[in-house]
Amino acid sequence: MRLFIPTSLALAASCAFHAAADAQALPDVVISASRTEQRSFDAPAAIQSIDRFTIEAAGPQVNLSESLSRVPGLTILDRQNYAQDLQVSIRGFGARSAFGIRGIRLLIDGIPATTPDGQGQGSSISLTSTDHIEVLRGPLAQLYGNSSGGVIQAFTKEAPKDAELGVKYYLGSYGMRRADYQYAGTVGIYGLVADYSTFSTDGYRDNSATQRKQFNGKLGFAPNEQTRVNVVFNQFDMPLARDPLGLTSAQLAANPLQAGTNSLGTKTASDYFVRKTVLQNQLGSSVTYAIDASRTLTSRIYYGTRDNLQYQVGAAAGPNVTGAWTGLERKYYGAGLQYNAKARWGGTPVEWASGYEFDRSSEFRQSGAARLGEKATTTRSEDNQSENSDLFVQGTAHVTSMVSIVSGLRYSTVRFSSDDYYLADGHDGSGNASYRSANPVLGLTYHANDDLNLYVNYGKGFETPTLAEMAYRDGGTSAIAEFNPGLNASHSRHYEMGAKWLPNRQSRVDFALFRIDSIDEIVVATSSNGQTAYKNAPGTSRSGLELAGNTLLSPNVSASLSASMINAQYSQSFKTGANSVSSGSKLPGVPQTFLFSELAWTSEPAKENRKASALGTRLGVELVQAGRIYANDSNTASADGHTVLNLSASQGWFVGKGSLALYGRLNNVSDRQYVGSVIVNQASSQYYEPALGKNWTIGLSLTAPI
């Protein structure tokens with residue numbers, strides 16, 4: 001706190017009062033808040049957009065954490081564990097996740113990357129071909145349906161008119177290697193972007209080596225003046241991701257590079273060959289038809305498969321090491337239809353959208369015992385299904401030149417079912433559950449002048465348990481491998497007020513205050529040997545503030561800031577297993593404060609054309625600060641806050657009609673040893689996942705016309 005508050009205020013003051021007279025503000029268009037294009041400054045919500053230039057400058061484009069740490073209210077904890085993916089939370093939603101993403105909707109080119117139950121994977125986004133990423137927080141995000149604590153939406157770049165080939169290659173600490181090969185161009189009416197990338201690392205810790213391959217392709221064409229078609233195919237192939245597991249506080253102090261152990265502390269993750277393999281394919285298409293200048297109709301359809309095989313630790317102590325395995329074979333598909341219109345109702349200009357979305361996921365789940373990292377027995381076999389069927393309407397009325405009102409309603413039905421084929425254990429895991437919720441949103445924006453917008457919003461949201469969270473039933477002292485339809489959906493009320501200010505043409509400040517009250521929050525009931533059962537907690541509250549600012553201190557020097565403070569706590573006492581959780585206990589997995597700030601110098605003055613900024617020399621200094629983070633519901637375990645300093649440099653040249661760029665980064669310059677993330681409520685108190693010490697990355701990028 002001693003560092004967080006003065007740093008935030010100092011950088012906010014810089015954003016407000018420093019400028020260069022000859023520079024121009026860059027356009028920043030978003031669609032997530034209103035489902036139609038508008039300036040983010042005019043959007044009546046907390047929303048930020050991260051552009052292509054920032055994504056490239058932030059690192060080798062492997063993880064969302066590289067660039068999205070610049071978004072206030074969004075916390076991405078880089079676990080250095082590719083078997084479990086990043087920990088992503090928005091205003092505390094999603095923080096409980098032990099793996100993957102929960103409570104946040106992911107979309108790629110308008111197509112869901114989140115299944116109907118609320119599960120998603122950040123690795124689904126191919127950053128090397130992403131043009132920009134939008135992050136929407138607050139009440140308006142609830143209009144995206146189940147588990148919409150926030151929305152992260154990525155957009156693949158558009159094909160340029162002239163064809164080009166691009167090659168990128170990065171090297172880094174701990175054997176990191178990253179390569180990317182991209183074709184982009186237009187032939188006739190067809191524009192194509194095809195991107196293939198590879199990534200591998202020896203890993204920072206024992207048993208953390210990883211290999212990944214990814215392809216993302218986008219074909220766009222317009223068969224006539226009224227119609228635009230996009231076809232997107234992507235594949236994510238992770239043939240190996242070893243899991244180093246978490247560490248106890250004693251293990252962390254002794255050696256943060258070691259792998260975690262079984263519950264007896266006798267065998268390590270290496271002994272069990274703990275790992276995950278993933279293969280995901282997805283094909284989708286969207287068609288936008290302009291009925292006239294004021295009305296459009298957009299449809300989407302997609303189909304995908306995901307095969308997931310994971311090996312976990314066990315409790316064995318002898319030489320015949322025994323662990324566990326879980327396999328999922330998922331098929332998912334969906335369709336949606338959206339109508340957008342601009343009209344006048346009683347003389348009032350109105351922009352509105354309505355639509356219907358249906359999504360379904362079916363996964364064949366198996367599990368059993370593993371011996372020395374290979375399948376030994378099969379003791380679970382079942383089909384799990386989830387689906388949603390949603391209707392929504394959202395509109396903005398410009399009541400006067402200074403006042404606009406946004407309102408919306410989404411009615412969601414989410415269904416789950418399980419068919420258990422393995423009954424030899426005496427447990428029949430068959431069952432079903434259904435959840436329904438009507439979520440309204442209402443907001444008002446006061447357009448004080450061209451440089452200041454003030455807004456207030458209110459909305460309701462809900463979050464169902466995921467299939468993974470319903471996979472086990474609470475047995476008191478252990479989790480029973482049986483489908484659990486007894487979990488309730490969590491319901492929340494969101495209040496938000498904010499301001500967006502342009503002090504001058506070169507500066508912008510965004511500020512938001514929020515409060516969220518929830519009931520039936522989903523929490524851990526019991527956990528052992530990688531098996532976790534969940535229950536509902538009576539109530540939680542989240543309140544906080546978010547600040548974002550950027551400015552030009554001179555034509556060649558820029559400053560940016562993202563700062564968040566949150567008080568996320570249980571508002572009522574409850575019991576989980578043998579432990580009692582007191583009212584006022586902090587929600588685990590949520591840093592109390594977070595700050596990202598950057599000061600950058602470029603040899604080329606800032607211009608309206610953002611691409612020009614990649615040429616010449618760029619030097620940057622980043623300061624990243626995170627507050628204390630609790631590891632369990634009872635708050636008896638936590639990780640201290642930390643502050644790290646990062647340095648970046650790049651040099652870009654024109655090479656004929658192409659371009660060449662060199663990149664370099666030195667992260668955690670002071671070699672600070674700290675905990676990067678925590679595994680919430682880990683049964684053996686192996687909560688802690690160490691962050692990287694001092695580490696470096698160098699890269700080269702070449703783009704040439706063909």
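The values are calculated or read from the model by the stated rules, or taken from the named source; none is laboratory data. Every value quoted in this text rests on a predicted model; they were computed, and no experiment measured them. Reconstructed Cβ throughout: ideal geometry from the backbone, glycine too, with neighbour counts over all protein chains shown.
Every condition in (1) part of a strand (DSSP E or B); (2) surrounded by fewer than 18 Cβ atoms within 10 Å (Cβ to Cβ) holds for Asn216 except the one numbered (2). Of all residues assigned to segment 345-362, at least one qualifies as being among the acidic types (Asp, Glu) and in contact with an Asp or Glu (Cβ under 9 Å, 6 or more places away or on another chain). Among the residues of segment 542-573, just one is part of a strand (DSSP E or B), within 25 Å of Asp517 (Cβ to Cβ), over 21 Å from the mean Cα position of the chain (by Cα) and in contact (Cβ under 8 Å) with a residue 40 or more places away in the chain, namely Tyr570. Of all the numbered requirements in (1) surrounded by 19 or more Cβ atoms within 10 Å (Cβ to Cβ); (2) hydroxyl-bearing (Ser, Thr, Tyr); (3) touching a helix residue (DSSP H, G or I) at 6+ places or on another chain (Cβ under 8 Å); (4) within 28 Å of Tyr688 (Cα to Cα), Thr210 misses one, and that requirement is (3).
Looking across segment 163-221, the residues that are more than 30 Å from Gly246 (Cα to Cα) and of a type in the set (A, V, I, L, M, F, W, C) come down to Ala163, Leu165, Val167, Ala184, Val187, Ile189, Leu192, Val193, Ala194, Phe215, Leu219, Phe221. Residues considered: Ile31, Ile55, Ile104. Of these, the only one that is of a type in the set (Val, Ile, Thr), touching a residue at least 24 places away in the same chain (Cβ under 8 Å) and buried (at least 24 other Cβ atoms within 10 Å of the Cβ) is Ile104. Filtering segment 385-399 to residues that are farther than 14 Å from Lys342 by Cα and either at pLDDT below 95 or in contact with a Gly (Cβ under 8 Å, 6 or more places away or on another chain) (or both) leaves Asn388, Asp390, Leu391, Phe392. Tallying residues that are touching an Asp or Glu at 6+ places or on another chain (Cβ under 6 Å) and under 17 Å from Ser49 (Cβ atoms) within segment 490-511 yields 2. Which residues, counting only those in segment 249-264, are in a loop (DSSP other than H, G, I, E, B) and either free of Cβ contacts under 8 Å to residues at least 40 places away in the same chain or among the basic types (Lys, Arg) (or both)? Answer for segment 249-264, where residues must be in a loop (DSSP other than H, G, I, E, B) and either free of Cβ contacts under 8 Å to residues at least 40 places away in the same chain or among the basic types (Lys, Arg) (or both): just Asn255.
Among the conditions (1) under 22 Å from Leu337 (Cα atoms); (2) surrounded by fewer than 24 Cβ atoms within 10 Å (Cβ to Cβ), the only one that Gln80 does not satisfy is (1). Summed over segment 388-438, the residues that are part of a strand (DSSP E or B), in contact (Cβ under 8 Å) with a residue 24 or more places away in the chain and not acidic (Asp, Glu) give a count of 32. Here Val62, Val71, Val88 are screened, and the one residue that is modelled with pLDDT of 85 or more, of a type in the set (Val, Ile, Thr) and not in a loop (DSSP other than H, G, I, E, B) is Val88.
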